[in-house]
Each structure stands twice: as C-alpha cells, then as structure tokens.
Amino acid sequence: MNALIFLMTLGLTGAVPSARAFRAIECGSQLFLTDNNGQFSSHTGMNNGHNYGKNLNCIWRVQAPEGLKVELVAKSFNLESDPSCSYDFVELFDGDSINAPSLGKFCGSVFNPITSNQRYMTINFITDDNEQHTGFTMFYNFTSQVIHQCLNSQFKCTNGRCIDDSYKCDGDDDCLDDSDEQNCPAGVGGGGGTGRCAADEFKCPDGSCIDKDWLCDGDDDCVDGTDENTQHCPIFGK
C-alpha cells in the first residue's frame with residue numbers, strides 16, 4: 001500500500017488500517033492435538049478463498065493414547081506440484097518432532113490416508129515464494145491399524161516407509177530396514193553397498209553379479225578383471 005492509498009483509507013474511515021491487513025496469510029492454528037479426532041487447515045483465510053502464503057513453515061503435532069497410532073486423511077489437498085516435492089510440500093514425521101524418521105513428502109493434489117507407526121505424528125508444511133495454491137484441510141483420528149499407501153512413484157518398505165522408486169537396489173539402506181536392498185536383480189545394487197548376488201553368483205567390486213561358472217574362464221566378465229585374478233584362479237589366473 002503506497003502513501004496515497006494509505007491517506008485515502010485514513011480519510012475515508014477515520015482509522016488506521018490494522019497491521020493484520022498488511023500481513024501475509026499465516027499458518028492455520030498450530031496446536032499440540034490430543035482430542036480423539038479433529039481437523040486443521042494449512043493457513044488462515046482458507047475458508048474465505050485465500051491461497052496459502054509465501055515462505056511458510058508450519059508445524060502440527062498429534063498425540064494418540066498409548067497403544068494407538070495417528071491416522072491422517074486429507075479432506076482437501078492442493079499444493080504446488082513437482083516430481084520431487086521440493087517447493088511447497090507437506091512432510092510427515094513418525095514421532096513428536098521434525099527430527100523423527102520421515103514418512104514422506106507430499107505435494108500436488110494427491111494425499112492418500114496414512115498412519116504413524118507409533119503414538120505421535122508431526123506434520124510440517126513448507127512453502128516457497130513462488131506459486132501459491134488453495135492448501136489443505138486434514139482430518140485426524142486414532143487407530144490400531146497401520147495404513148501406508150505409497151504413491152505410484154514410490155517403493156513401500158517393510159517397515160511402512162515410502163521411498164522414491166529410484167532408491168530401490170541402489171546399494172544404500174534408504175528404508176532403514178534394508179528391505180529396499182532385498183530381492184534385487186542380478187547385477188543391481190552395487191557400489192559396494194548392500195545389494196546381494198545369488199548363491200551361484202560372484203559379486204564384482206563394482207557390485208555387478210556374474211555366474212560363478214565364469215570365474216577363471218579367461219574372459220574379464222567383471223569390468224576390472226577381478227574374476228580372473230590369482231586370488232580366485234591360483235593356477236589359471238592371469
């Protein structure tokens with residue numbers, strides 16, 4: 001608001017516009033939520049048709065009774081969309097702070113029901129200073145069931161975590177239970193990580209797997225020729 005508009009407003013109303021009129025849309029009510037069920041919205045002004053504001057960092061914490069888990073369901077969900085959810089996104093944490101293990105990042109217009117693995121869930125809403133959309137309204141309640149519906153582009157770990165499909169069989173334990181490095185195809189999961197070869201296969205230093213019958217056959221089936229060195233071929237090796 002420039003000085004002229006400010007003076008016109010003052011002259012017409014006889015009052016100085018409140019500081020609230022100049023402030024960006026803020027986070028919705030941020031509470032430590034413990035009721036049996038309830039809901040919260042991404043930002044103030046949502047019910048009046050306003051989009052969420054720029055550079056928000058909003059946190060909600062939900063606590064279930066002992067023995068139960070937190071279930072989160074989106075009544076509406078509309079954030080900026082990008083494949084990696086790097087701009088405007090909701091990230092869920094399986095615990096009572098943002099230092100707990102992540103349950104995944106969510107953006108765009110898809111949010112499937114999800115639960116924590118224990119009695120706490122922390123919800124973190126982040127926005128940048130570019131696009132603003134209508135935001136979300138979340139409903140929560142408490143349940144004894146674990147519900148994790150990963151996106152089509154994600155791999156569901158045995159422990160319920162969702163990771164990007166590209167992390168499966170990459171040699172790193174991204175699931176934190178090693179389930180993303182199990183049952184990997186031959187030759188996948190290398191880099192000296194935890195990818196495994198079959199019992200009848202030999203693992204080359206680069207992580208690729210070759211048939212054990214190819215050891216000491218005179219051909220460099222491993223890129224570095226390890227399958228033909230004297231350690232494995234004491235008589236016939238190079």
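The values are calculated or read from the model by the stated rules, or taken from the named source; none is laboratory data. Everything quoted here is computed from the prediction, not taken from an experiment. Positions of Cβ are generated from backbone atoms using ideal geometry, with glycine treated the same way; all protein chains shown enter the neighbour counts. Accessible surface is based on the protein model in full, side chains and every heavy atom, while ligands, DNA and RNA are left aside. Shrake-Rupley method; radii C 1.70, N 1.55, O 1.52, S 1.80 Å.
One table, with the values for the structure above:
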| item | result |
| --- | --- |
| Three semi-axes of the equivalent ellipsoid, the stretch 27-106, Cα gyration tensor, whole Å, largest first | 22, 17, 11 |
| Length gained when the stretch residue 50-residue 35 is fully extended (0.36 nm per residue, less Cα-Cα span) | 2.6 nm |
| The stretch 81-110 residues near the modelled residue 128 label - backbone nitrogen below 16 Å, point 7 Å along Cα→Cβ | 81-91, 106-108 |
| Relative compactness, the stretch 64-127, computed as alpha-carbon Rg over 2.2 N^0.38 Å | 1.12 |
| Alpha-carbon Debye profile of the stretch 91-182, log10 I(q)/I(0) at 0.12, 0.16, 0.18 Å⁻¹ | -0.41, -0.72, -0.90 |
| Counting all C-alpha pairs of the stretch 50-89, share separated by more than 15 Å (%) | 63 |
| Listed residues 82, 164 arranged by accessible area, highest first, probe 1.4 Å | 164, 82 |
| Ordering of 59-65, 40-46 by burial proxy (mean other Cβ atoms within 10 Å per residue, highest first) | 40-46, 59-65 |
| Computed label-point distance, nm, for sites residue 219 and residue 183 using a 7 Å Cα→Cβ extension | 3.1 |
| Stretchable slack from residue 98 to residue 212, in nm (0.36 nm times residue separation minus alpha-carbon distance) | 36.4 nm |
